[in-house]
Each structure stands twice: as structure tokens, then as C-alpha cells.
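What follows is a set of notes on a single structure, which appears directly below.
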Amino acid sequence: MALRFFNTLTQRVEEFSPVRDNTVRMYTCGPTVYSYAHIGNFRAFTFYDLLRRWLRARGFTLEHVMNITDVEDKIIRGAMAEGKTLDQYTAGYTQAFLDDCAVLRLEPPERLVRATEHIQEMARSIRELGEKGYTYRSEGSVYYRIARFPEYGKLSHKNFSGILAGARVDVDEYDKDDARDFVLWKAPKNGEPFWETEIGPGRPGWHIECSVMAIQYLGQTLDIHAGGIDLTFPHHENEIAQAEALTGQPFARFWLHTEFLLVEGQKMSKSLGNFHTLRDILGRGYQPEAVRYLLASVPYRKQLNFTFDGLKSAAAAIERLRSFKLRLETARMPAPGDPSMAARARQALAVFESALDDDLNTAEALAAVFEFVREANTRMDAGEFPSSAVPPSLALLDRFDSVFDVLRPALSQGAIGDAEIQALVAERAQAKKARDFARADQIRQQLLDQGVVLEDTKDGARWKRK
RNA sequence: GGCGCCGUAGCCAAGUGGUAAGGCAGAGGUCUGCAAAACCUUUAUUCAGCGGUUCGAAUCCGCUCGGCGCCUCCA
């Protein structure tokens, strides 16, 4: 079956293909760089990465744009509190974000765009919206008039015909005509940074940057727009209102939203003390691959309960796969014969792929891999795993790792070199031959202290980095 | 108050009408100089609970209980 995704817009799983020339034009909402990104943020970014990788695995070319929001209330507050310019304040957090992404092996998008580098484009779009009658001014700020956009609510499937009874409506926003109206452009006030533009001085509201930059780099209609589920309303709804008013075209064909991450069953919050940045977690000694695996292993539309137990499980699962791969690469197999194992590997690959095709069902895809691993190990133990089954088995692991990317261990600085390890392994083999087990165990421990695990097999010792 | 999601073994989790995937953890065993790895056996007659529809339900419907989200900045 073909690749398909759940589309928030239609509330259905739909077959996906890009609108033209095999290129997927995709926009994802990136970070607001006012502090370090937390593990919940990285659930979304990991999802973008899996999506990218699977689209490419399926033969599509990517044109992926992600924004960095580097002007916004919290940033301004933070910068002013520290007496820094916006640039000074955001540069560090932007770099930290990029570093964290690299640690988690998140592929950079084709284009990373900053809001502050597109202020004039935003101002022009706001002017155009005004010319089309979608805006009004109030005390120097510009607002979007939702009453002019009847389709408002079509993404989040909200019905605005009644009053938002019980909802907390910001009573301070007295300068808006309608509670749903949102600010496009904020007038400068008391020392806050602002830009001189064709619509006057000020700074952009949050929603406009995404519409403007997406259209600028990807065209009027995107194939995919993705983000966290909490962005569905109002952010993405507002993006649609802006973009479609501007172009008259559908803004995005597929809207994909990631569910929330919980920590130990509860919403992450600073007051609960369960607020974790990636740095915190790695600082506790967990491997980045384990974090990546855990975030990837739960299908993106399910809430993910992040626990440190789960992180340990993830690390153990990765170890199992690494050991299997090492065994495939190092063990001596009998000559080609029974073709059933090779066929089984190809079948597992097909199941793996169709699971990911099905709205990125990573849990089911993983099951296909592990099921094969167990069967293959059993056959190897029995000496019935022919060498001809090795290439299709490695092909399965390659496909798996092209998406999950957890098999390659992260090399720590100052790690012992391969040549040195091999010398020690050889020395230990000699010691074992001489039945000097004390020396052999000493070498094994010495390697272990340096993060290298040595395992004896009937074909001799093999080693791997931990 | 409105809208929506979820509740499957100790933990994570797939499965949405045909008789319970997978991972981790635990127990016992095989192999091993010792380890490690791997394998085998074992852990849900049952899918929050109660009713209903059906030849047949974890899967559909109703009610109850419990958890979560959005409606406000938020991945």
C-alpha cells in the first residue's frame, strides 16, 4: 500500500504524494530560541526527522524549511533583563539548539530561516493583507480581522458560532474588535526593539513569520505542514487565515501534528520538577541514541510517556540490535544453501516498510525488525544460517538505521583507537591460549573501562564500543 | 462549559470485527575458563468496568470510572 498520513485538516488517513515533480515541499514549526529546548520539543523535532528520512527512503526529494523564531515576547523580556541585544541573546540558544539536534542526529532541513531576517517581507505581506481588507489598526498595531475569513476554524474543527463559554479569554485585549482576532504587527513600546518598515515601526506578531517564509521559499501551497498538536490552534489556524487571504490558494495539503510528551505520566512543567532539557538527560549519563530511540519508538500521534526506565529499555533494545549486526558481520556462516532465511529477511523488510508507510507506525516497524532478529539468532545458534542470508539481513538493518539511526555508537572524545583495541584483543587471545586467564580478564576489564565490550564467540573474540 | 484523545501483562507498546505483535524487566535452563552475547521455557483464557449488537468484539454502540490534551504563550 502507498504512503499515507493522517491529515488534521480532513481528520482522515490519506494517501500522500507531492503535488508536483516528486519534490515534497514541507514546512515545520521550529523553536523559539529563548532558552534551551526541552525533551518535549525534541519529540516534535525527532518526528520531523523521521518524516524526512522516510519520505526520502520512499524516493522523494525534499525541500524542507524550518523557522527559528528569534523575535517574540519571551525573547525580548529575556534580552532586556540581561541587557543584551536580541541577536546577542538568541545567538547562544540558536547554536545550542543546532548542537542538540546534531547530537540527536536530526538532519538539518534544506533551509533554516530566521524571523528577524524576514521582517521586511512580513511587513509587505501585512500591507497586502490590509489592501485586501483583512486588517485594521488599533493604537499603532495591526490586527487580522477573522470575520473576513469565513473558513476560520477548518483545521482545528472549531465552531465559533457561539460564545467561547467558559474559555479564558484575555480580557486585556480590549483593543481587538473580536476575541479571535490576532495581532499581525505590534507597535513599538517602552524600549523594546523594533524595525522601520513600509507599514511603520514595530515588530511582527508570531503567526505571520511562518506564513510569509513558507510561501517565500516553498510557494503558495505546501505539500506538508507539520508541528506539535498544541500549535493546531491558534497558530496554524492563523497561518491558514493569513496565507490563504494573501494567495487565494490552499496553504497546505497535509497537516501533520505530533502528540504531546508526558514525563512520568504528567505534563512537563518546571513546578513539578520534571522539566528536562536534552542536556540534563545526557548529563545523567544516558546515551543520545537511547533518547532518539525512545522518542522514535512511540508512534507520533500517541502521547509519549517519557521515563528514565524507558530510556534504559531503549538502550537495551539498541544493544540487542547492535549485537545482532556485529554477529552478522563477524560470525562464520555455513555456505549458501537453504534460501528460506534470505526470503524471511526480505519479508521482514517489506513489513517494516509497510508499517512506516502506514502513517509512520514506528512501533509496528520495530516489531518486524525484532521478530526477524530473534528468528535469525535462533538459526545461527543452530548453525543453519547460510551466508547467503547475510546480505538481505544487513539490508534490513540498513533500512532500519536509515530511519532510526541508532546503531552507530556516539564516539566520546579521547576514545581509544581501533588499532589499539585490536592489539589488546590479540594480546588477550595469546593470554587465553596460554591459559593465563588473569591477564585475559585484566585486558577485558581495561577495555571495558574505556567503553569497549569484548565478547568471546566460537569464532574468536569480537568487540564493540558501548 | 465546549471540542477531542486515551485506558492492552511489572513498565513501554502494536493490533480497530475473526479469536492477543514486539521491546524492556523478572524467573528457570542451555552455552562459556569466567563473563558477555545469543537461544529455549515461563509471565494477559484476556484487552479499565458494566450492559448491548453480532455466528464471532480488545476492536462497533451505550453508560460508568480513570488519565490526558485543546479552547490562553507552548512541540
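Shown in residue order for the range A:128-134 are the 3J(HN,Hα) couplings computed by the Karplus curve 6.51 cos²θ - 1.76 cosθ + 1.60 at θ = phi - 60°: 5, 4, x, 5, 8, x, 9 Hz (x for Gly and Pro). Expressed as a whole percent, the accessible surface of the range A:4-258 that belongs to carbon and sulfur atoms is 47, based on a 1.4 Å probe.
Each Cα pair under 8 Å and six or more residues apart adds its sequence gap; the mean of these over the residue count of chain A is a relative contact order of 15 percent. Straightening the chain between A:Lys158 and A:Ala91 buys 20.4 nm, computed as 0.36 nm per residue apart minus the Cα-Cα spacing. If a/c stays under 1.5 just call it rounded; otherwise compare a/b with b/c (prolate if a/b is bigger, oblate if not). Do that for chain A, with a ≥ b ≥ c from the square roots of the Cα gyration tensor eigenvalues. Taking the square roots of the gyration eigenvalues as a ≥ b ≥ c, chain A is prolate. Inter-part distance, the range A:241-287 to the range A:35-87, computed on C-alpha centroids, equals 10 Å. Annotation: amide H-H contacts under 5 Å for A:Leu262 (H modelled 1.01 Å from N, sequence separation of 5 or more, or interchain): A:Leu304, A:Asn305, A:Phe306. Phi angles of the range A:452-460 translate, via the Karplus equation with coefficients 6.51, -1.76, 1.60 and θ = phi - 60°, into HN-Hα couplings of 10, 9, 10, 10, 8, 10, 5, 9, x Hz per residue; Gly and Pro are given as x. Among the listed pairs A:Lys158/A:Lys186; A:Lys325/A:Lys432; A:Lys325/A:Lys466, which are separated by more than 19 Å between their Cα atoms? Beyond 19 Å: A:Lys158/A:Lys186; A:Lys325/A:Lys432.
Put simply, when A:420-427, A:99-106 are sorted by average Cβ atoms within 10 angstrom per residue, most first, you get A:99-106, A:420-427.
Taking 0.36 nm per residue of sequence separation and removing the Cα-Cα distance, the A:Phe275/A:Glu110 pair yields an extension gain of 56.4 nm. Rounded to the nearest 5, the antiparallel percentage of DSSP beta bridges internal to chain A is 50%. Using a cut-off of 24 Å between Cα atoms, the listed pairs A:Lys189/A:Lys270; A:Lys84/A:Lys267; A:Lys74/A:Lys189; A:Lys176/A:Lys267 include A:Lys189/A:Lys270; A:Lys84/A:Lys267; A:Lys176/A:Lys267 as exceeding that distance. For the listed peptides A:23-36, A:112-125, A:191-204, a ranking on the average number of other beta carbons within 10 Å per residue, highest first, reads A:23-36, A:112-125, A:191-204. Listed values for the range A:104-120 are Karplus-derived 3J(HN,Hα) couplings in whole Hz (6.51 cos²θ - 1.76 cosθ + 1.60, θ = phi - 60°), namely 8, 6, 8, 5, x, x, 4, 9, 10, 10, 9, 4, 5, 8, 10, 5, 5, and x replaces Gly and Pro. As a calculated quantity, the FRET efficiency between A:Glu151 and A:Phe260 at R0 = 35 Å, using C-beta atoms, amounts to about 0.85.
Amide H to amide H distances under 5 Å link A:Asn361 with A:Leu356, where only residues 5 or more positions off or on other chains count and H is placed in the peptide plane. A cut-off of 5 Å between modelled amide H atoms, ignoring neighbours fewer than 5 places along the same chain, links A:Arg114 with A:Ile68. By accessible area, using a 1.4 Å probe on protein heavy atoms only, the range A:289-426 has 53% of its surface on carbon and sulfur. Here the sum of -39500 (n - 2.57) over DSSP H runs of 4 or more residues, divided by the residues of chain A, equals -14000 deg cm²/dmol at 222 nm, to the nearest 500.
Here the contact order of the range A:418-465, divided by its residue count and restricted to Cα pairs under 8 Å and six or more residues apart, works out to 25 percent.
Using the 1.4 Å probe convention, the accessible area of the range A:387-457 works out to 55 Å² per residue with neighbouring protein chains retained.
If R₀ is 35 angstrom, what is the calculated FRET efficiency for the pair A:Asp398 and A:Lys433, using the beta carbon separation as r and rounding to 0.05? Working from the Cβ atoms, E equals 0.45.
The values are calculated or read from the model by the stated rules, or taken from the named source; none is laboratory data. Worth saying up front: this structure is predicted, and the values here are computed from it rather than measured. Virtual Cβ from ideal backbone geometry, glycine too; neighbours counted across all protein chains shown. Surface areas here come from the heavy atoms of the whole protein model, side chains and all, with no ligands, DNA or RNA. Shrake-Rupley method; radii C 1.70, N 1.55, O 1.52, S 1.80 Å.
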